[in-house]
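Have a look at the structure below before the remarks.
The values are calculated or read from the model by the stated rules, or taken from the named source; none is laboratory data. On a predicted model such as this, the values are computed, not experimentally measured, just so you know. In this analysis, Cβ positions are derived from the backbone assuming ideal geometry, glycine residues included, and neighbour counts consider all displayed protein chains. Accessible surface areas use protein heavy atoms only, side chains included; no ligands, DNA or RNA. Shrake-Rupley method; radii C 1.70, N 1.55, O 1.52, S 1.80 Å.
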Amino acid sequence: MKKDIQEVLIKEEVLHQRVKELAAEITVTYQGKSPVCIGILKGSVPFFADLTRAIALPLYCDYMAVSSYGQSTKSSGTVKILKDLDVSLENKDVIVVEDIIDTGLTLQYLLDNLRSRCPASLAVCTLLNKPSRRLVDITPDYNGFNIADVFVVGYGLDYAEKYRNLPFVGVLREEIYSENSLK
Ligand code: 5GP
């Protein structure tokens, strides 16, 4: 699996340190509150697990699944909810936990949808952010790392459902996805 990685972009120790910093920031900001953390499946799973365990607040944890790129590396802009929440968001402080914001199209759709459920507040915490690729005006409230326009995998992020269990974030060799797109 590691031979498919061109370069380790963010090492395991660096990821864990930054996740702790984000959790500390959230703990201070939401002092006295019980926010609802929404993990967006499947990419945010390792980040969500590490982040929420480091937040020293009573949290509600819930999950949503939205349609992603499938086996492609580009966003289609069409989003479908595949799994919805179990909890109500009415008058709750909500934090959406994302793996990566690329064009922002997925998140824009999600935020519009969540806003219609009348939360008291709505924030976004993303592990990775690609500002140069943005097509809509969205800035995360909590951002782990800004990265360049490269396709990354690991620490939850996949290509065709592979590489999610890599403990670091790495750049996938281009020939892996260009080869597959010909099959
Ligand atoms: P957006 O709608 O912001 O363009 O795309 C968001 C989704 O695209 C992310 O949640 C993620 O599933 C996928 N995505 C965007 N960039 C990357 C990337 O570099 N690597 C991987 N594995 N997925 C990505």
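Modelled spin labels at ARG53 and LYS3, positioned 7 Å past Cα toward Cβ, are 3.2 nm from each other.
For segment 1-148, the C-alpha radius of gyration divided by 2.2 N^0.38 Å, with N the number of residues, is 1.03. Between ASN113 and ASN146, the simple label model (points 7 Å from Cα in the Cβ direction) yields a spacing of 2.9 nm. Taken about its Cα centre, segment 12-158 carries a charge dipole of about 220 debye when Lys and Arg each add +1 at the Cβ and Asp and Glu each add -1 at the Cβ. Using just its DSSP H runs of length 4 or more, each adding -39500 (n - 2.57), the chain gives a mean residue ellipticity at 222 nm of -8000 deg cm²/dmol after division by all residues. For the chain, the membrane-span-like helices by this rule, meaning whole DSSP H stretches whose C-alpha atoms cover at least 20 Å of axis and whose Kyte-Doolittle mean is -1.0 or above, are 12-29; this says nothing about an actual membrane.
Per residue, the chain exposes 51 Å² of solvent-accessible protein surface, assessed with a 1.4 angstrom probe and all protein chains in place. Computed with a 1.4 Å probe over protein heavy atoms only, the accessible area of LEU111 comes to about 20 Å². Using C-alpha pairs under 8 Å with a sequence gap of at least 6, the mean separation divided by the residue count of the chain gives a relative contact order of 25 percent. Using a probe of 1.4 Å on the protein chains alone, the accessible area found for LYS2 is around 140 Å².
For the residue pairs LYS33/LYS80; LYS11/LYS130; LYS20/LYS92; LYS42/LYS80, the alpha carbons lie more than 20 Å apart in LYS33/LYS80; LYS20/LYS92. Overall, the accessible surface of the chain at a probe of 1.4 angstrom is composed of carbon and sulfur to the extent of 50 percent. Comparing SER178, LEU110, ASN143 along the charge dipole axis of the chain, the residue lying farthest to the positive side is SER178, per the Cβ-charge model. As a length-normalised measure over Cα pairs under 8 Å and 6 or more apart, the relative contact order of segment 113-183 settles at 21 percent.
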